[in-house]
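Beneath this line is the structure, given in structure tokens, with notes to follow.
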Amino acid sequence: MKASFFFVLLCVVGLNQATQAQNKPDRGNRGNGAQVEAIKVGLITQRLELSTDQSKQFWPVYDSYAKEIQQIRKDLRQLRKRGLTLTDDELKREMEKMFDLMEKEVATQRKYHREFLKVVSPRQVAELYKTEVEFKTLLLKRLGARMGEEVD
């Protein structure tokens, strides 16, 4: 239990450093994403208690999953950026595209859920989903705090 606490504490400290580095104008943000991702990987590995064999099988699947989900969400953000400057007909088409992308995201999540279950236990998959939400919440809170905002 102490080891888990210290690992999470280490992740929080590392996350703090990553968020501080993002606010420094001279550095750019390219390396920070990798640093945050490394913290996320460490946290997931620790929380799922992945064995060496599981880790070898899990991470390629997770990386593919994350890449596909990231692309879908990027596509959704691009559609949302166009916003209300469109005509009504264009808005209808854009909204249909958004629904298609949201359905694609759910289908991708289902597909990878089945893939995760091939390499880790259902309990570990549930812990993965919980850890992803907790990590995102922690990241948003840290970023919000760095920007002087409170994020719930």
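Tell me which lysines have Cα within less than 25 Å of Lys56's Cα, excluding those fewer than 8 residues away on the same chain?
Once the sequence-local lysines are set aside, what remains near Lys56 is Lys40, Lys67, Lys111, Lys118, Lys130, Lys136.
Translational diffusion coefficient of segment 51-119 at 25 °C, 0.890 mPa s, Stokes-Einstein with Kirkwood Rh over Cα pairs, in µm²/s as a whole number.
Result for D is 179 µm²/s.
Sorted from fewest to most neighbouring beta carbons within 10 Å, what does the list Tyr65, Tyr129 look like?
Tyr129, Tyr65
Under 18 Å from the 7 Å Cα→Cβ point of Leu140, by amide nitrogen: which residues of segment 83-100?
none
Assuming 0.36 nm per residue, please report the length gained on full extension of the stretch Glu96 to Asp53 beyond their Cα-Cα distance.
11.2 nm
Could you go through segment 112-125 in sequence order and give the Karplus-derived ³J(HN,Hα) for each residue, using 6.51 cos²θ - 1.76 cosθ + 1.60 with θ = phi - 60°, rounded to whole Hz, and x for Gly and Pro?
Calculated HN-Hα couplings, in order: 6, 4, 5, 5, 4, 5, 6, 10, 9, 6, x, 5, 5, 5 Hz.
Simple spin-label model, 7 Å along Cα-to-Cβ: Thr87 to Tyr129 in nm?
Placing both labels 7 Å along Cα→Cβ, they lie 4.3 nm apart.
Using θ = phi - 60° and the Karplus form 6.51 cos²θ - 1.76 cosθ + 1.60, what ³J(HN,Hα) does each residue of segment 43-56 get, whole Hz, x for Gly and Pro?
5, 5, 4, 5, 5, 7, 6, 6, 6, 4, 5, 4, 4, 4
Taking 7 Å along the Cα-to-C-beta vector as the label spot, tell me the Glu37-Glu103 distance in nanometres, rounded to one decimal.
That separation, rounded to one decimal, is 3.1 nm.
Only the coordinates and a few stated rules stand behind these numbers; no lab work does. Keep in mind that what you see is a predicted model, and the values were worked out from it rather than measured. Cβ atoms come from the backbone with ideal geometry, glycine included; neighbour counts cover every protein chain shown.
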